[in-house]
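Notes follow the structure.
Only the coordinates and a few stated rules stand behind these numbers; no lab work does. Note that the coordinates shown come from a computational prediction; the quantities given were computed from them, not determined experimentally. Positions of Cβ are generated from backbone atoms using ideal geometry, with glycine treated the same way; all protein chains shown enter the neighbour counts.
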Amino acid sequence: MDDKTNSDIEISLYSFPGLAPLAQDKICGTLTIEDANCPIYGLSFRTILQEVSEVFEISEDLIKGRNREHAIICARTAYFALTKQFLPAYTLAKIGKYVNRDHSTVYHNWSKHNDWMEVYAEYAELYNRVEYRCSKYFIHDKENKDHINP
């Protein structure tokens, strides 16, 4: 198969969520169908946590810590939901390990996230803001796509 560089391939959360599992902090060279798990953008556990920390205005240490204040739990829940959304190939155990939680805690928070999106307008607003910021890490083709599928 032909090699495609980062500049001529479109990676979309909605069309190729499976490309996210090995995300790192730097863009790598080329991507082929055979090595589709190659990290091609900078979205990682650390990056998501940093974005959540900035938007929710809660330090990363507090999110990783044992504090159970409501604002901190909201930030932690957003981290779990975003990580599961943007890095779907990772297990719940690996997602939780980065913030010192086990898989059952990740699952519990991830499942209550949908309810919170409907009930808590402030949480939904902050979550949507972080989601938008995280989506910017995906690489999009800058050329007109009409030449590919006329």
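Residues with beta-carbon under 14 Å from that of A124, excluding A124: net charge, scoring Lys, Arg +1 and Asp, Glu -1? Don't skip to the answer; put the middle values down first.
Working: positive: K112, R129; negative: D115, E118, E122, E125, E131.
So the environment of A124 carries a net charge of -3.
Using 1/(1 + (r/R0)^6) with R0 = 22 angstrom and r between the beta carbons of S135 and N67, what's the FRET efficiency to the nearest 0.05? Intermediate results must be reported in sequence, preceding the final value.
Numbers: r = 28 Å, r/R0 = 1.29.
Efficiency for this residue pair is about 0.20.
To the nearest 20 debye, what charge dipole does region 33-134 have about its Cα centre, counting +1 at the Cβ of each Lys and Arg and -1 at the Cβ of each Asp and Glu?
Numbers: 12 positive and 14 negative charges, 82 e Å.
In total the dipole reaches around 400 debye.
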